[in-house]
Amino acid sequence: MSSRRSRSRHAGSSRITDDQINDLVSKLQQLLPEMHNRRSDKKSATKVLQETCNYIRSLHREVDDLSERLSELLENADTTQADLIRSLIMQ
Amino acid sequence: MKNPNYPLKKRLASRFLKALEKIKYNMSPSPVSIEEKRRRHRAVRGAAYASMASSVGPRRAWSRALLRKMRERKRARRNPRNADTRFGLNQLCDVVPGGEAMDSRSLLNETAHYIECLVAQVQIMREILHSSSSSSSTTL
């Protein structure tokens, strides 16, 4: 694995091409939220990767915020949760 | 338990709820200090990422990186930083667990899967909050 990585610094067979990067990046674009992603627009790979980073950061912030709200919720909840698990898992 | 055919979201929900149950069980009764509230917040957030990592297991590099971090509780061994700066790829290293140790192809694949998992986790957390607030008695 490490030898493959060092080979990729030279023009080795495992080094990903610009085209392959663009391919994978366009797949990432599909995952971005609709608001910023008008699929008819062909965005530059750099732009998509930038937006991807921003999107992941916003998801991290959401997890953080929701964690805080859930931790407050735990304080006020009793421990019966069978119904909740059932409704979540049976979806 | 890591049957890959069992939908990710159900695995996530199951693990995350169990983790919440444990946190709840270990909670001291109110009133609590601000520090204790912060600790709970961190515990819930830790449980979110732990559920994601253990639901996916060792199948993805990003989840292996998170699992490693959870077990070792020290800085992951620094492999040579991904030096591919084309299209700003190296920025992804900052936001994807284990990104700095991945080659560019892996990094892009891992990023896609990581996003899907994050989205599922966020949905679950919202659903828990929503169903707790809409029921007449808050039960967890």
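Are any residues in region B:10-35 of a type in the set (D, E, K, R) and in contact with a helix residue (DSSP H, G or I) (Cβ under 6 Å, 6 or more places away or on another chain), and if so, which ones? B:K10, B:R11, B:R15, B:K24, listed by residue number.
Just for helices (runs of 4 or more DSSP H) wholly inside chain A: which have at least 1 residues that are more than 7 Å from chain B (Cβ to nearest Cβ), modelled with pLDDT of 85 or more and surrounded by 13 or more Cβ atoms within 10 Å (Cβ to Cβ)? Spell out the reasoning first.
On the way: elements: A:2-7, A:18-31, A:45-76, A:82-89.
Those helices (runs of 4 or more DSSP H) span A:18-31, A:45-76.
When B:P97 is tested against (1) assigned to a helix (DSSP H, G or I); (2) at pLDDT 95 or above, only condition (1) is not met. Within region B:107-140, the only residue that satisfies the criterion of being modelled with pLDDT of 95 or more and over 18 Å from the mean Cα position of the chain (by Cα) is B:L108. Being more than 8 Å from every other protein chain (Cβ to nearest Cβ), touching a Ser or Thr at 6+ places or on another chain (Cβ under 9 Å), surrounded by fewer than 18 Cβ atoms within 10 Å (Cβ to Cβ) and touching a residue at least 12 places away in the same chain (Cβ under 8 Å), is that true of even one residue in region B:52-69? For region B:52-69, residues more than 8 Å from every other protein chain (Cβ to nearest Cβ), touching a Ser or Thr at 6+ places or on another chain (Cβ under 9 Å), surrounded by fewer than 18 Cβ atoms within 10 Å (Cβ to Cβ) and touching a residue at least 12 places away in the same chain (Cβ under 8 Å): present.
Taking region B:10-41, which residues are within 8 Å of another protein chain (Cβ to nearest Cβ), part of a helix (DSSP H, G or I) and either surrounded by 14 or more Cβ atoms within 10 Å (Cβ to Cβ) or not aromatic (F, W, Y) (or both)? B:K10, B:A13, B:S14, B:L17, B:L20, B:E21, B:I23, B:K24, B:K37, B:R40, B:H41, listed by residue number.
The values are calculated or read from the model by the stated rules, or taken from the named source; none is laboratory data. Computed from a predicted structure; not experimentally measured. Methodologically, a virtual Cβ is constructed for each residue, glycine included, from the backbone with ideal geometry; neighbour enumeration extends over all protein chains shown.
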